[in-house]
Structure formats: structure tokens, C-alpha cells
Amino acid sequence: MYDAPTLERDVTEAKTKFSARNVQVWYGDTHAIKDVNVEIEDNTVTAFIGPSGCGKSTFLRCLNRMNDTIDVCRVEGDIRLDGEDIYDKKVDPVQLRAKVGMVFQKPNPFPKSIYDNIAYGPRIHGLARSKAELDEIVENALRRGAIWDEVKDRLDAPGTGLSGGQQQRLCIARAVATQPEVLLMDEPCSALDPIATAQVEELIDELRANFSVIIVTHSMQQAARVSQKTAFFHLGELVEFGETGHIFTNPEDERTESYITGRIG
Amino acid sequence: MTDASLPEPRHARSLKDVDARTNRRNRAEARFRAYGIAAVSIGLVFLVVLLGAILINGVGAFQQTFVNVPVYLDPAKLDKNGERNIEDIKKVSTFGYNPLVENALLETVQASGADTELDSAAEMKKLLSASAAAQIRDTVIANPELIGQTVEFRLLAASRVDGYLKGRVKREDVTRDKNIDVAHLDLTDKLHDAGVITKGFNLAFITGADASESRPEQAGLGVSMLGSFFMMLVVLGLSLPIGVAASIYLEEFAPQNRFTDLIEVNISNLAAVPSIVFGILGLAAFIQFAHLPQSAPLVGGLTLTLMTLPTIVISTRASLKSVPPSIRDAALGVGASKMQAVFHHVLPMAMPGILTGTIIGLAQALGETAPLLLIGMVGYIATNAPDGLASGFLDPNSAMPAQIFEWAKRADPAYYERAWGGIIILLVFLMTMNIIAIILRRRFERRW
């Protein structure tokens, strides 16, 4: 599979999680995303790379409609999750976001206890019928977030009191707790030190077993380390998309090559 | 060889030589610090002068002169039937008590051994407040079993006597005073030495009602304090929910367009509208149009609500704005609806700011006088303390600042002292509210 040529990127329908066709995004008069077509697979880590302002975060935020909260933002085109148009009038963004969890650049735990941080999502979605069930969900999520051993004795301590890396893993656990199908990560390691980064990257690799993970990153090494597929964005366009190994060793577009070798960006 | 064309590097000079530019900069900084210290000192001096003046002028209001007289409650005069029927006792007016007071005072003066030029008990009675008889009557009606006994009373002294002992009234002032003569002052001195006239803490000033122009010694701030209290209940009950709801909607839900911009600008403008304008609006809307009762704390509260709303809206919006957007993202990211994000996460974090703004708005409303002038909450409102919620909201009453204004207007200098004393009480309330605001902010503040 790693050796598959990039041209054969039209993977089989069964494995496709997200499919985007002719997506355009405007911020007021600014054309931020230009005609992006991409297929994102299940159980795969897909990395979005590109220089600052290239639109990779904007596109990521289209996938769970977080851009809806920005008044001037306008999205056109067709984005499908499991074949369903997520911008359909009948789709409630709240339900979409329960299916498509998100982890942000800066760790942003709620100023509540560690337990409540994790339990918040399951509570508002009614995932637990009893306290015992909720406890179990919290424990599972914290285990998935690879932070259970560090916090199991102080679940009542405030989430904001953890270290930066622990906070980010707490946020990942919080996103996992609502049992999403896709995890969006917007530069999740940019505020972390190398040790915490390594822990989070290891975690991302484990999460791949259950989720489709999409990660925006500035670090090409990180993209190379954690992802199976890579998309290179430049000035709002999706320049190149394919197997990570292929993109980094044998890019087809010269802009990709320039970026990877450090000439632009 | 290019070295020669380059300017001499700066580090070639010793660090110990201070150049002219650095000197200038340092001097400018020193000057600026001096300006700042001067400004702060001037402010402090004014504050000290202000607080000092308030204390010096107002502290006298918390002291009152009393005449200690044993009064024989003669059953022949107070209860002619001898049945101790409360209705019969109530039929005796204060005029019926005057002879008792006069006799008691005369006997006390004689017993103290003070000699006086005053020839009659009626003349001596000028040492007492006009309310003395009423004071005894109130006691008798409350405890009819006292009739027939001799009871030690602590009667209010007349305001001139009170002023004389406090140094407000001088001997040379009373020569043209028809209320009191120098002979009265002589007697006052003697009775003071004998311990008949004493000074004590003036609880009635804090709990009592306003009194008529001629009886400043009886006037108290208590009833208008209750008026202020009921107004604040109305203000809090209306402006907090309305203000917070409006701010949440405007800040978190409303679309950004011309209409909401207009509302935003107008709320800021409303905060700057003179309070008297709100007063006349209250008069027109609540009294003339809605026919709510005049002088009622309910109307005062509604009017002050109009005035307080912009303050609360502005401070609430500011504290909502200061909640980091990452918290909203986090909540939306786990699938919370907008409202859940606001009510579960944003609002609790904005709470200290909202509470602080609300308390400051309330403190402003508490000290506001101008709107009350227009809805009739100023003037001599001779009411007793309200005896329930309905009468508290609807019976005519005054408010603390309006009462102070009213006292300051009156001619008798004794009222001037009361006005300053009232200001002390008002300031104590305002400081308490500000301290509560600070404590709440500290208590709810979360560290990041």
C-alpha cells in the first residue's frame, strides 16, 4: 500500500471517510481556499502541510463546520462524510461535531476538574446512563489519551493545572470521549516541547486504529513521522496529495519540492 | 581596507561614559516619574481633605444629647378609667403628657441643686425636644403596665442644647434666638455637670425616620435607608437578568450588522446620558402614563434600573469578551451547541466580571439623587418604617441620597450636621459594596 503510485489516489469508496469536491472558502472578499478536491481515508493519518496562511487550517475547520462561527466565512462546494453532504441544510453542526472531534493548537482544557473535562462531551450527548458508565467512559478516554496513569489519582484536580503536554493529551482524550469517527488536529504539538510532542505523536499513531486522523502541522518531520497521506497546500490551493513517503521523496510539483527542501514557506 | 569607511563601532567607547542622548532619556524618565508621583499625591491630599471634612462635620450626628428624667406616669392623667384599656390610653394625646414632663423636669432640676433664672417649668421644657412627650407616650402605649410607676426616661434634648454641648451653638448666637435664651444654656451647663444631661450614641439617627423642620434632633436616616433598600431590590431584580441576557445575546448570538452596531453605539451613549433625563423619563412613563404611585421605591427602582442597565450591559459584554475564544472552540469542538458553550463555560468564567459590574452599577444607583427629585422621592416624607413588602415597595418613601439632599437644604444648622452624618452612612454602604465586589472577583477568579 505504501508503494502505491500517487496517481491512483482515487481509493475505493468503502474506505473513504471524507470526500471534498471543488471546495471554495471566502473570508469576506478573500478567496482563502481555491477549488480543493481531496479524499480522506478511514484509519489513516492524513497530514496537511504548507506555509503559514496557505489555508490548511481553514480547510480543516471546514470539515467539522467550525467556520460556521465566523460570520464573514462562506463555504462552497461539496464536502461529504461517509457520503453525506455535511453542509446540507438538514445537518445540525452540533451532531456533526460529535462525529468529527477536534483538537486545537493551544491546549484548551475547560477550567474544571480533569474528570469534568472528559465527562462534559458524553454528558451533553447523553452517552452515559449512569455514573458508573460515565466513570468507565472517562477512564477509557483517558487511557486512549495515554494520560490515565498520570492523572488517575487526581481526577478532581483542575485540568488547567497540568503541564502543557498533559493538557494537550487531556484535550485529545476529551475529543475521543464523545466517540467520534474522525479526529481533526490543528497543529496539536506547536505549543509543546519535544518530549511531549513525541508522546502525542505516539498517541496519534495509536489512535489511527480507531479513527481517521487529520493533522495540520508546520513540521515536515512530524508529517513524515506520523502520517500515511500528506496534502501540500499553497496559497489556498491543494498542490499535491498522496502517500507521505512519495511526497517527501519524489514530489511531482516543483512547489512541493521547494517547500520540502526549504526554499519557500 | 573597508574598515576605514565604516563608522567607529559604538562599543569602542567605555560603557561608563554616558552619552548625551542617554542622559536626556534618563532625565525625561525621571521627570515623568515626578509628574506621576505629584499627580498621585495631589489626589491623595484631596481624598484626605474630603474624608477629613466628612468625618469632622458628620461625626457629631452620631452623638446625641439626652436629658435623663424620672417621670411619674400619673394614672389620673393617663388612664382616667383605671381599666388599663389600650384604647383609652391611646385617647390621651401628647398634650396630655406635657404636664407630666414639665413636673418631672422641674423636680429633677430642683433635685440636682442647680439654681436657674428660669421661673417656670414651661420655660425649662425648652431644654427638651418637642418630641419628648411623644417619646413617653410611645413607651406607655407599648407597655401600659408602666402606668402608676416612676420610670427613668432618656429624653431627647432640644437641638439648640445639643448644638451647645457639641460647640455648634455659641452663647452669642442665642441672643436673637426665640427658641432658647442664655439662661437655658447656663442651666444646661449645670445639669450637664450634675449628670442629668448626658451625651450618648445616637442610634435613632441610624434607625429613625425623618422629622419636621423644627426637630432636627429627632431626624434619622433609617426609613430612607429602607427606601433605598427596596429600590435596590427592584434594580437588582430587573437590571441583572435583563442586562446579562441582553449582553449575552449581543455578544455571543447576534449577527454583526448595521442594526447591532447601532444598538451597540446607543448602549454606550445611554451610559453617558445625564441621570436627570432618566428621571423625567421615569416620571413620564411610570407615573404619568402607567399611573404608578408617586414617591414609591418601586418607581424609583424602575427609573434607576433604566440608568443602571447600560452600565451592566457594558461591563458584562467586556467580561464576556475577555473569556478566551479557545474555550468556546473547545466546547463547540466536543459538540456543544452555542447555548451550551455559553452557559456551561463562557458565562461561569465571565461571572466575576459580571458581578463586579453589577455591584458597581448598584452602588452608582444607590448614590443617585437627580432622578429621584423628579419622581417625588425627595422632600419631607413623614412615614414610619414600612411594615411589609407591599408597603415597602409602594408607600411613599425617600432614599438615602435624597434624604441627605433634603437635610442639606433645610435652614437649621443642626440639619447640616445630619447631612454630613448621612453622607458617612452612605459612604459606608458604598465602600461595603465595593469591598464585596473585590471579594467576589478574588473568589471567582480562575488562574490560567
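A short reminder: the numbers here are calculations on the coordinates, not readings from a lab. Note that the coordinates shown come from a computational prediction; the quantities given were computed from them, not determined experimentally. Here the Cβ positions follow ideal geometry from the backbone for every residue, glycine too, while neighbour counts run over all protein chains shown.
General observations
- Computed FRET value (nearest 0.05) for B:Asp177 with B:Thr150, which takes r as the C-beta separation and R₀ as 45 Å: 0.85
- When the C-alpha to C-alpha distance is required to be over 24 Å, the pairs from A:Lys56/A:Lys90; B:Lys170/B:Lys199; A:Lys34/B:Lys321; B:Lys80/B:Lys126; A:Lys112/A:Lys152; B:Lys77/B:Lys125 that qualify are A:Lys56/A:Lys90; A:Lys34/B:Lys321; B:Lys80/B:Lys126.
- Computed packing ranks the peptides A:196-207, A:105-116 as A:105-116, A:196-207, most packed first, by mean other Cβ atoms within 10 Å.
- Each principal axis of the Cα cloud of region B:222-444 was taken in turn, and the coordinate range along them, longest first, works out to 68, 39, 32 Å.
- For peptide B:337-345, the mean count of partner chain Cβ atoms within 10 Å of a residue's Cβ comes to 3.
- The base-10 log of I(q)/I(0) for the protein assembly as shown, evaluated at q = 0.07, 0.08, 0.10 Å⁻¹, reads -0.74, -0.84, -1.03 [Debye formula, identical scatterers on Cα atoms, solvent excluded].
- Here the simple spin-label model places points 7 Å from the Cα toward Cβ, and for B:Asp19 and B:Val265 these points are separated by 5.0 nm.
- Region A:70-129: proportion of alpha-carbon pairs further apart than 13 angstrom, %: 75
- Restricting the calculation to Cα atoms, every distinct pair contributes to the Kirkwood radius of region B:62-201, found to be 15.6 Å.
- In chain A, Cα pairs under 8 Å separated by at least six residues give a relative contact order of 28 percent.
- Values of log10 I(q)/I(0), in the order q = 0.11 Å⁻¹, for region B:178-277 under a Debye, Cα-only, solvent-free model: -0.65
- Magnitude of the charge dipole, the protein assembly as shown, Cβ model with Lys/Arg +1 and Asp/Glu -1, debye to 20: 1340
- Diffusion coefficient, µm² s⁻¹, Stokes-Einstein with Kirkwood Rh over alpha-carbon pairs of region B:230-327 at 20 °C and 1.002 mPa s: 147
- Were the residues from B:Ile436 through B:Ile37 laid out at 0.36 nm apart, the gain over their Cα-Cα distance would be 140.7 nm.
- Average Cα contact separation per residue, region B:62-201, under 8 Å, 6 or more apart, as relative contact order %: 41
- With Cα atoms, 0 to 90° folded angle of helix B:182-194 axis to chain B main axis: 80
- Sequence-distant contacts, meaning Cα pairs under 8 Å at least 6 residues apart, place the relative contact order of region B:205-363 at 26 percent.
- Angstrom value of the Kirkwood radius, inverse mean 1/r, which spans all Cα pairs in chain A: 18.9
- Helix B:400-409 vs. chain B, principal-axis angle (Cα, 0 to 90°, nearest 10): 60
- Percentage, to the nearest whole number, of Cα pairs in chain B over 33 Å apart: 57
- Per-residue packing, averaged as other Cβ atoms within 10 Å, sorts the ranges B:422-430, A:244-252, A:118-126 into the order A:118-126, B:422-430, A:244-252, beginning with the highest.
- For region A:1-151, convex hull volume per residue from C-alpha positions, Å³: 174
- Rounded to the nearest 10 degrees, the angle from helix B:222-248 to the longest Cα principal axis of chain B is 20 degrees.
- Per-residue mean of C-beta atoms belonging to partner chains within 10 Å, peptide A:107-115: 4
- Summing +1 for each Lys or Arg and -1 for each Asp or Glu among the other residues whose beta-carbon sits under 15 angstrom from that of B:Asn81 gives 0.
- Estimated FRET transfer efficiency (B:Ser322, A:Glu254; beta-carbon r; R0 51 Å; 0.05): 0.65
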